[in-house]
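Notes follow once the structure below has been shown.
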Amino acid sequence: MKPSCRFLISKKNPVFFKHHHSLTSNLSGNQFSFDKNKQFLACPFRNLGFRTIFNEAQKSFCVPNSSLGQSRLTTRDGRGVSVVASCASQIREFSTSVETRVNDKNFERIYVQNGINVKPLVVERIDKDENVLGAEESRLGVLVDDGESVNRENLDGGLGVKIISPKREESDMEKEAWKLLNNAVVMYCGSPVGTVAANDPGDKMPLNYDQVFIRDFVPSALAFLLRGEGEIVKNFLLHTLQLQSWEKTVDCYSPGQGLMPASFKVRTVPLDDDKFEEVLDPDFGESAIGRVAPVDSGLWWIILLRAYGKLTGDYALQERVDVQTGIKLILNLCLADGFDMFPSLLVTDGSCMIDRRMGIHGHPLEIQALFYSALRSSREMLVVNDGSKNLVRAVNNRLSALSFHIREYYWVDMKKINEIYRYKTEEYSTEATNKFNIYPEQIPSWLMDWVPEEGGYLIGNLQPAHMDFRFFTLGNLWSVVSSLGTPKQNEAILNLIEAKWDDLVGNMPLKICYPALESEDWRIITGSDPKNTPWSYHNGGSWPTLLWQFTLACMKMGRMELAQKAVALAEKRLHADHWPEYYDTRTGKFIGKQARLYQTWTVAGFLTSKVLLENPERASLLFWDEDYELLEICVCGLSSSGRKRCSRFAAKSQILV
Ligand code: GLC
């Protein structure tokens with residue numbers, strides 16, 4: 001018996017639709033096959049899930065409730081509560097406008113053109129043959145474990161994508177990696193929807209490592225896409241999109257609508273009479289250790305959506321009304337007015353790959369780089385019409401302001417450090433050189449000797465009177481990939497990694513950050529975190545998954561040899577060490593203290609790097625070149641207002657190249 005399929009609903013308070021009143025009142029009543037009032041009042045939860053509709057072949061298995069609009073909500077403890085449940089999806093399906101609650105002066109409202117009677121949210125199965133998916137050893141048809149990596153053309157996911165065969169015989173290690181990746185695939189109602197974070201058979205306490213993490217799935221998705229397998233990625237994008245609109249609460253407080261979950265799990269819930277159903281259960285941080293906000297999830301989702309289009313040629317997905325709305329909701333959340341003084345995104349600690357307290361609250365580089373590339377992706381994907389033109393304008397303005405801000409204020413090299421060393425402080429004026437009132441004493445002693453003549457990097461964070469000089473690898477690499485840095489800065493970042501190879505790569509690519517917080521810094525900044533002891537885990541540990549971002553950055557900058565060197569290093573140990581999550585010590589010599597083995601993004605990062613290196617043209621679809629048009633936009637309207645001092649204008653000549 002195949003299970004039926006639902007999203008798992010957590011118990012929420014009943015005022016959910018308060019926020020959406022204006023939204024729902026825009027709906028034409030007769031478009032609904034259910035009673036709106038009854039629906040809102042009857043629903044004992046804040047959270048209403050979407051009803052997933054499958055094609056005819058699947059319907060009988062996955063959607064047992066035949067009455068339209070009726071669905072069965074399932075609480076976390078498995079109790080079924082019969083209520084009308086497709087309201088949220090109906091809203092997305094039929095709404096003509098999704099009113100924004102934020103930044104109205106900029107966007108007024110997100111307008112979904114032709115909203116009435118648009119194609120409903122349908123997760124279509126791409127494959128034609130259910131048996132292909134049922135086969136254990138080759139769930140996606142990507143794995144070829146007999147060494148014959150050819151003849152995959154029938155497994156093209158129906159998108160007309162030619163499966164790319166490796167130009168050579170794959171090594172045993174690569175074959176093992178493909179097999180592990182396939183074994184990590186999570187099925188939902190008979191379709192692949194993601195990969196678990198780790199598949200460690202010896203792990204008795206998997207915590208949430210048995211879930212599909214949004215950020216962890218990105219390298220898996222790219223590995224599949226680069227091999228021409230699009231179905232799992234399309235399913236992932238659509239299912240996570242459905243999860244996005246769920247209300248989620250932490251202590252009766254709901255974070256903003258549009259947030260993507262950090263992870264989700266497929267749960268099997270027993271029904272009456274020996275039947276069971278599958279439910280998707282998202283975690284928006286309400287169960288996560290430290291209740292961290294998954295700010296990066298939505299940004300990665302947008303980046304992956306673009307990559308999916310580029311690598312499959314299936315641009316129809318990003319043009320869908322529901323997908324366009326998903327993009328807009330994420331952007332809305334990111335572009336909302338707050339108390340921020342800077343164009344960079346203000347977040348709490350632990351809101352990205354480093355999802356524990358590590359002193360990265362404020363404006364951490366990783367989030368800014370992902371934000372920048374999500375904005376650039378959106379700029380490419382948003383359908384421009386009357387309803388979206390304000391949003392597009394806001395995206396352009398933010399891109400321009402953000403790149404200026406990061407290029408100008410986050411950048412350090414020898415020259416800049418010397419400037420900071422001689423900074424005057426307490427400057428009260430719009431003309432201040434030391435705008436953030438940085439006390440030169442903050443320059444850490446390790447930095448003076450560390451930065452090489454020919455290199456430089458973007459610092460980890462910038463706040464009033466505070467520069468976090470630590471080198472954060474993902475933020476720097478993604479700045480290269482997305483062209484957040486200038487061409488010269490991007491080159492200098494790779495120069496620095498090359499010059500500081502022993503510190504940043506050592507025995508295993510790549511250190512998540514450098515240097516580690518030690519002694520009092522560790523005690524105060526991490527709160528004495530025993531998992532983040534010096535040179536372990538997030539605190540200076542080495543994460544092999546970062547290999548794919550490094551490979552992409554190197555390929556973009558024409559430094560293939562650097563990427564090859566790092567891949568070769570990883571190749572020496574990953575298989576023998578059973579694909580650990582991370583390594584410890586200053587040089588990445590030991591498998592991490594609490595590292596999971598068979599960590600999926602370690603496996604996928606390795607495979608993606610290998611395939612990228614062999615397919616430079618495909619790799620080039622995944623990075624961004626300098627956009628000169630963006631550099632021309634001066635958001636402060638210098639010329640029209642006649643304002644004298646625009647630091648951006650003054651510095652423009654320096655940041656263009
Ligand atoms: C850890 C990592 C996080 C990752 C998760 C699943 O929490 O810090 O970045 O997404 O594990 O692998």
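Annotation: D274 fulfils all but one of (1) assigned to a loop (DSSP other than H, G, I, E, B); (2) buried (at least 16 other Cβ atoms within 10 Å of the Cβ); (3) of a type in the set (D, E); the unmet one is (2).
The set of residues in segment 524-539 being within 12 Å of the ligand (Cβ to nearest atom) and in contact with a Ser or Thr (Cβ under 6 Å, 6 or more places away or on another chain) consists of N532 alone.
A residue that is surrounded by fewer than 19 Cβ atoms within 10 Å (Cβ to Cβ), in a loop (DSSP other than H, G, I, E, B), in contact (Cβ under 8 Å) with a residue 24 or more places away in the chain and within 26 Å of the chain's Cα centre (by Cα) occurs somewhere in segment 529-543. Test P515 against the stated conditions and say whether it is farther than 20 Å from D349 by Cβ and touching a residue at least 24 places away in the same chain (Cβ under 8 Å). When the stated conditions are applied, P515 does not pass them.
Out of segment 215-250, which residues are closer than 19 Å to Q324 by Cβ and assigned to a helix (DSSP H, G or I)? Those that are closer than 19 Å to Q324 by Cβ and assigned to a helix (DSSP H, G or I): V233, K234, N235, F236, L237, L238, H239, T240, L241, Q242, L243, Q244. Considering L243, L311, L237, the condition of being of a type in the set (A, V, I, L, M, F, W, C) and in contact with a strand residue (DSSP E or B) (Cβ under 7 Å, 6 or more places away or on another chain) is satisfied by L243 alone. Counting residues in segment 625-634 that are at pLDDT 95 or above, closer than 25 Å to L305 by Cβ and either within 16 Å of the ligand (Cβ to nearest atom) or in contact with a strand residue (DSSP E or B) (Cβ under 9 Å, 6 or more places away or on another chain) (or both) gives zero.
Name the residue that is farthest from F469 (Cα to Cα), counting only residues in segment 337-380 that are crowded, with 21+ Cβ neighbours inside 10 Å and β-branched (V, I, T). Here the residue is V347.
Going residue by residue through segment 289-302, is there one that turns out to be more than 16 Å from the ligand (Cβ to nearest atom), in contact with a helix residue (DSSP H, G or I) (Cβ under 7 Å, 6 or more places away or on another chain) and assigned to a helix (DSSP H, G or I)? Yes, that holds for at least one residue. Total residues in segment 578-594 satisfying the condition of being crowded, with 17+ Cβ neighbours inside 10 Å and more than 16 Å from the ligand (Cβ to nearest atom): the figure is 4. Answer yes or no: is there a residue in segment 511-519 that is crowded, with 22+ Cβ neighbours inside 10 Å and not aliphatic (A, V, I, L, M). The answer is yes, given that some residue of segment 511-519 is crowded, with 22+ Cβ neighbours inside 10 Å and not aliphatic (A, V, I, L, M). Residues that are within 19 Å of N615 (Cβ to Cβ), more than 15 Å from the chain's Cα centre (by Cα) and either within 15 Å of the ligand (Cβ to nearest atom) or at pLDDT below 95 (or both) within segment 193-227 comprise just one, R227. Sub-8 Å Cβ pairs linking a first residue in segment 189-201 that is charged (D, E, K, R) to a second residue that is in a strand (DSSP E or B), at least 6 apart or interchain, are D200/Q599, ordered by first then second residue.
Quick one: in segment 277-308, of everything that is surrounded by 22 or more Cβ atoms within 10 Å (Cβ to Cβ) and small (G, A, S), which residue is nearest to L207 (Cα to Cα)? Result: G285. When I232 is tested against (1) touching a residue at least 40 places away in the same chain (Cβ under 8 Å); (2) surrounded by fewer than 24 Cβ atoms within 10 Å (Cβ to Cβ), only condition (2) is not met.
When V323, V392, V383 are screened for being more than 24 Å from P261 (Cβ to Cβ), touching a residue at least 40 places away in the same chain (Cβ under 8 Å) and surrounded by fewer than 21 Cβ atoms within 10 Å (Cβ to Cβ), only V383 passes. Could you check how many residues of segment 437-470 are touching a helix residue (DSSP H, G or I) at 6+ places or on another chain (Cβ under 7 Å) and aromatic (F, W, Y)? Going through segment 437-470 one residue at a time, the tally reaches 2. Of note, E277 satisfies the criterion of being in contact with a Ser or Thr (Cβ under 8 Å, 6 or more places away or on another chain) and more than 16 Å from the ligand (Cβ to nearest atom).
Among the numbered conditions (1) in a helix (DSSP H, G or I); (2) surrounded by fewer than 24 Cβ atoms within 10 Å (Cβ to Cβ); (3) away from the ligand (no atom under 16 Å from the Cβ), the only one that R267 does not meet is (1).
The values are calculated or read from the model by the stated rules, or taken from the named source; none is laboratory data. Every value quoted in this text rests on a predicted model; they were computed, and no experiment measured them. Positions of Cβ are backbone-derived with ideal geometry, glycine not excepted, and every protein chain shown enters the neighbour counts.
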